[in-house]
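The values are calculated or read from the model by the stated rules, or taken from the named source; none is laboratory data. Just so it is clear, the model here is predicted, and its values are computed rather than measured. Heads up, the Cβs are rebuilt from the backbone with ideal geometry, glycines too, and the neighbour counts pull from every protein chain shown. All accessible areas refer to the heavy atoms of the entire protein, side chains included, with ligands and DNA or RNA removed. Shrake-Rupley method; radii C 1.70, N 1.55, O 1.52, S 1.80 Å.
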Amino acid sequence: MADDLFRYDLMVETALRGVVRDALRRAAERGLPGNHHFYITFKTRAPGVNIPPYLVERYPDEMTIVLQFQFWDLEILEDQFSVTLSFNDIREPLTIPFEALTGFADPSVQFGLQFQQTTNGDTPTGDDDPDGGDTPDGDDDATDDAGSGEVVSLDQFRKKK
């Protein structure tokens, strides 16, 4: 099966994670101009995710954070990013690998991406529930209202089993 050698679905997914990385790099270097703000959804128990234990307990599967007005120390590496956010007036550092992302949106320009979670870096798990994530309540840095951004689904490019 020669078509399995290329795994275009994974190449596209990797390229789109690069879009998120580039957007975060620009935000780290220049700030967020105008009304731009990012909703970033990730698997809280994915390998490499480093967040406070009470957040993992409160959000055992997924969590959405918002980068808009109050975020600090945004640093982007090739495979992950770290940022400090305020939760109940306590600043907490978070480290999130790009592989842990399940969604990214910038509602100010109606842009959004949805990612399939991978188990070992090359096999989609088939989790097709884009709305299954949890978000903190009553916090300026995280919300469950992801705006009206367009979500790009990669399902049409995936090989059906």
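Which of the following residues is touching a Pro at 6+ places or on another chain (Cβ under 8 Å), open to solvent by 30 Å² or more (accessible area, probe 1.4 Å) and modelled with pLDDT under 95: Arg58, Arg26, Arg7, Arg91?
Just a single option satisfies the conditions, and that option is Arg58.
Return the total of residues in the stretch 61-80 being among the acidic types (Asp, Glu), surrounded by 12 or more Cβ atoms within 10 Å (Cβ to Cβ) and under 13 Å from Phe98 (Cα atoms).
Qualifying residue count for the region: 1.
Among residues belonging to the stretch 33-47 that are among the polar types (S, T, N, Q) and in a loop (DSSP other than H, G, I, E, B), point out the one that is surrounded by the fewest Cβ atoms within 10 Å (Cβ to Cβ).
Asn35
Examine the stretch 62-75 for a residue that is over 24 Å from Gln116 (Cα atoms), among the β-branched types (Val, Ile, Thr) and out of contact with any Leu (no Cβ under 9 Å at 6 or more places or on another chain), and state whether such a residue exists.
No: the stretch 62-75 contains no residue that is over 24 Å from Gln116 (Cα atoms), among the β-branched types (Val, Ile, Thr) and out of contact with any Leu (no Cβ under 9 Å at 6 or more places or on another chain).
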